[in-house]
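Data block below; observations after.
The values are calculated or read from the model by the stated rules, or taken from the named source; none is laboratory data. None of the values given here were measured: they were computed from a predicted structure. Methodologically, a virtual Cβ is constructed for each residue, glycine included, from the backbone with ideal geometry; neighbour enumeration extends over all protein chains shown.
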Amino acid sequence: MSLPASGQISFNDVSVEMENPDIPSYTFGLWAAGRYGNSSYVHTPINVHSNNSGKYNTNYPLNLNTWHGYNRSANYASDGTNRSLFFSFDPYSCFVSSMIVFDVGTSNTTYDINISGSSTDFEGVSTITAYYGRPWQADGGGYGSATTIYTNNINGAALNTTVNYNYTYDYTKGQYVYVVIYSFCP
């Protein structure tokens with residue numbers, strides 16, 4: 001499912017698309033950036049897949065109308081093409097996160113996950129983590145059925161690394177590898 005490209009949308013529409021319908025209170029700008037209220041609880045991050053990225057390349061806070069056409073399950077093929085992952089809002093708000101998703105299919109194989117960027121590229125980034133599993137949970141937790149492949153606390157430093165991942169398909173986790181960046185608190 002994805003949100004309509006035009007017409008009226010509501011917070012509830014966005015909440016359902018993000019699979020966070022049970023979060024009782026929110027400040028929309030924080031919630032949209034992957035944060036629950038003023039806590040450190042981080043729910044399913046924004047998917048910055050390229051088909052949606054222009055809509056989120058805005059200043060914090062994100063407005064409701066920027067969600068037109070958002071699709072949390074949009075994903076890239078695992079074809080080796082470089083993909084950008086970015087904060088599209090104020091990266092200095094504590095516990096902000098965003099992700100990109102790759103469809104790695106149902107065949108067992110080995111993947112090379114390359115993560116690189118300068119300290120300028122990673123300004124405001126505390127941690128980079130790659131997961132195998134389902135990033136979308138009905139309770140908003142986001143990581144309940146995922147396995148951590150790789151994590152690195154970079155704190156805004158440059159990074160150039162390759163992780164070899166021996167992928168074994170598990171139907172309970174699905175066919176996605178996703179990479180998340182998390183901000184740090186200033």
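Quick rundown of the values:
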item: Qualifying positions in the range 83-123 - in a loop (DSSP other than H, G, I, E, B) and within 19 Å of THR161 (Cα to Cα); result: ARG83, SER84, LEU85, PHE86, SER118, SER119, THR120, ASP121, PHE122, GLU123
item: Which listed residue, of THR120, THR110, THR127, is surrounded by fewer than 19 Cβ atoms within 10 Å (Cβ to Cβ) and either more than 25 Å from PHE184 (Cβ to Cβ) or not β-branched (Val, Ile, Thr) (or both); result: THR110
item: Check on ASP90, of a type in the set (Asp, Glu) and either at pLDDT 90 or above or exposed (fewer than 14 other Cβ atoms within 10 Å of the Cβ) (or both); result: no
item: Criterion violated by TYR56 - all others in (1) at pLDDT 85 or above; (2) under 19 Å from VAL179 (Cα atoms) satisfied; result: (1)
